[in-house]
Amino acid sequence: MRKTFITLMAALALGTGSVCAQAYQPSPENIQARKEFQDMKFGIFIHWGIYSMLADGEWVQHSKRIDRNEYSKLAAGFYPSRFNAHEWVKAFKDAGAGYVTITSRHHDGFSMFDTKATDYDIIDATPFKRDILKELADECEKQGIKLHIYYSHMDWFRPDYPLGGTSQALPQPEGSANWNSYFNFMNTQLTEILTNYGKIGAIWFDGMWDHPNNFDWQLDEQYALIHKLQPACLIGNNHHTAPHEGEDFQLFEQDLPGENSAGFSGGQKVSDMLPLESCQTMNNTWGYSITDKSYKSTDELIRRLVKSAGMNSNLLLNIGPRPDGQLPDEAMTRLKEIGKWTKRYGGTIYGTRGGLIKPQPWGVSTQKDNTLYLHILDLKEQSLTIPLSAKKIKSARMYDDGSKLKLQKHGKDSTVINLPSVPQSVDTIVEITLKK
Ligand code: FHN
């Protein structure tokens, strides 16, 4: 008896033993999946739902304070006659993306897949009656890109969702909140997603910020379910704070890791252990907006991709498809142009990690083994001073044409590289071979 007591106390003191929650130990396949995720560097984000019919972004139900019963009637008119999963996936792949992350269910609560957990879904509530997720999953499998699933933790439709900050502004539902029922609903849907759609690269949660910090989302249980169903499936959560136990990658919204211009990343310490991903819009809206024409130029998007890689992060670039199922023309044009760049220069970012030269005012570096790529994004001179001793450099050449570059020792820890001309292109790349 006494022995058992002592063992129990020792276990408590050490934080080990069955009485304490086990710290999350990612499985070997999960660790491998994290590496593959980082290698891909570039993904496409898709925000698509019945809100696309109102053509005013994915928050339209909220911004126009639409009653949920009225809003839900949109579903009966949703018929994206031009949706073609093959064309979408081909466009993403040709652009150089390695994965697509699609909204399976956004905050409006509408499920874009065949689910038994509710009738408020693409099969039961729309005349389209095609499982968009299944078609996309099959095409991703066929064309060899990964499928990631966005899943909203918050819900503006279901009465059992415990009302959070954003729902206060909406006409209130009939019925009462019931966390257990809502938690079961989410877990049933996640089980369907992880059972019926092949290998899922990641589950991408969003919306937890709808409740104050002390709300118990039972993440441990939900994350354990996901990892049990598909151990290699990565979990990311856009809660705008540092990663929680059980998460496999860290997300940043509209900013690169360490930045906070959009106000979503304040106080979010950048993990040096987990893969990083920055999601950004092509224009200013996630869901389709008929008026938002503020698309960034292709050059700007390429620079964001390169900067992101130099900061050891993936870029998840968003597109909001039209209600007819097609990608907006502006997005298609940009995908094609980005594809031209990745075809030629993708080798300097895919499979790399942030290089040993940290981000500089002139640009960033990426690195694969002893090859260091300098990405010059903003330089008005013909010479570049890098914080790296000439002693560590074996050779340097222009990536574009292989021409050798002259190096000059500059103090103890830096080197001057003489470039053939003042950089003009969107990203001037210097390839350095480091001494081993
Ligand atoms: O509210 C959502 C928004 O609609 C969109 O899905 C973005 C994507 O990162 N996340 C939320 C805001 O943080």
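Taking 0.36 nm per residue of separation and subtracting the Cα-Cα distance, full extension of the segment from Asp369 to Arg344 would add 7.0 nm. Can you give the Rg to Rh ratio of region 28-352, both from alpha-carbon atoms, with Rh computed by the Kirkwood formula? Over the Cα atoms of region 28-352, Rg/Rh equals 0.93.
Close amide H pairs (under 5 Å, H built 1.01 Å from N) link Asp400 with Ile429, residues at least 5 positions away or on another chain.
Considering only DSSP states other than H, G, I, E and B, which trypsin sites (Lys or Arg not before Pro) in region 110-155 qualify as loop sites with at most 13 other Cβ atoms within 10 Å?
Values: sites: Lys116, Lys129, Arg130, Lys134, Lys142, Lys146; in loops: Lys116, Lys129, Arg130.
Passing both the DSSP loop test and the Cβ count: Lys116, Lys129.
A crude spin-label estimate for the pair Ile290 and Ser176, with each label 7 Å from Cα along the Cβ direction, gives 4.3 nm. Using a probe of 1.4 angstrom and keeping all protein chains present, the accessible surface of region 363-434 works out to 51 square angstrom per residue.
Over all alpha-carbon pairs in region 46-122, figure out the percentage whose distance exceeds 21 Å. Beyond 21 Å sits 34 percent of the P(r) for region 46-122. Ligands, DNA and RNA are left out, and with a 1.4 angstrom probe the accessible area of region 28-352 is 38 Å² per residue.
Where a ≥ b ≥ c are the square roots of the eigenvalues of the C-alpha gyration tensor, would you call region 110-156 rounded, which needs a/c under 1.5, or, failing that, prolate if a/b is larger than b/c, or oblate? Cα axes put region 110-156 in the oblate bin. Shown in residue order for region 79-84 are the 3J(HN,Hα) couplings computed by the Karplus curve 6.51 cos²θ - 1.76 cosθ + 1.60 at θ = phi - 60°: 9, x, 4, 9, 5, 9 Hz (x for Gly and Pro).
With r as the distance between the Cβ atoms of Thr195 and Asp413 and R0 = 45 Å, compute the FRET efficiency 1/(1 + (r/R0)^6) and round to 0.05. Provide the component values of the computation, followed by the final result.
On the way: r = 55 Å, r/R0 = 1.22.
E between Asp413 and Thr195, to the nearest 0.05, is 0.25.
Sites listed here are trypsin sites (Lys or Arg not before Pro) in region 369-407 whose DSSP assignment is loop and whose Cβ has at most 16 other Cβ atoms within 10 Å: Lys380.
Summing charges over neighbours of Trp88, with a neighbour being any other residue whose Cβ is under 15 Å away from its Cβ, gives +1 when K and R count +1 and D and E count -1. When you filter the chymotrypsin sites (Phe, Trp or Tyr not before Pro) in region 188-273 for DSSP loop state and at most 14 other Cβ atoms inside 10 Å of their Cβ, you are left with Phe215.
Leaving out ligands, DNA and RNA, what percent of the accessible area of the chain is carbon and sulfur, probe 1.4 Å? Mind showing how you got there, number by number?
Working: 10200 of 19460 Å².
The value for the chain is 52 percent carbon and sulfur by accessible area.
A cut-off of 5 Å between modelled amide H atoms, ignoring neighbours fewer than 5 places along the same chain, links Leu316 with Gly43, Ser278, Cys279, Gln280. Dividing the mean sequence gap of close Cα pairs (under 8 Å, 6+ apart) by how many residues the chain holds gives a relative contact order of 16 percent. Backbone amide hydrogens, once placed in the peptide plane, bring Lys146 within less than 5 Å of Tyr99, Val100, excluding anything fewer than 5 places away on its chain.
Which values of log₁₀ I(q)/I(0), to two decimal places, follow from the Debye formula for region 363-434 at q = 0.11, 0.21, 0.24 Å⁻¹ with a uniform point scatterer at every Cα? For region 363-434 at q = 0.11, 0.21, 0.24 Å⁻¹, log10 I(q)/I(0) is -0.22, -0.88, -1.17. Build a GNM of the chain with springs between Cα atoms under 10 Å apart, and of Glu253, Glu139, Glu381 the one that fluctuates most is Glu381. Contact order for region 363-434, expressed relative to its length and based on alpha carbon pairs under 8 Å spaced 6+ residues apart, stands at 42 percent.
For region 280-296, the Karplus equation 6.51 cos²θ - 1.76 cosθ + 1.60, evaluated at θ = phi - 60°, returns couplings of 9, 8, 6, 10, 10, 10, 7, x, 4, 10, 6, 9, 7, 10, 7, 5, 6 Hz by residue, with Gly and Pro reported as x.
The values are calculated or read from the model by the stated rules, or taken from the named source; none is laboratory data. Given the structure is predicted, the values throughout are model-derived calculations rather than measurements. Glycine also receives a Cβ, built like all others from the backbone with ideal geometry; neighbour counts cover every protein chain displayed. Accessible surface areas use protein heavy atoms only, side chains included; no ligands, DNA or RNA. Shrake-Rupley method; radii C 1.70, N 1.55, O 1.52, S 1.80 Å.
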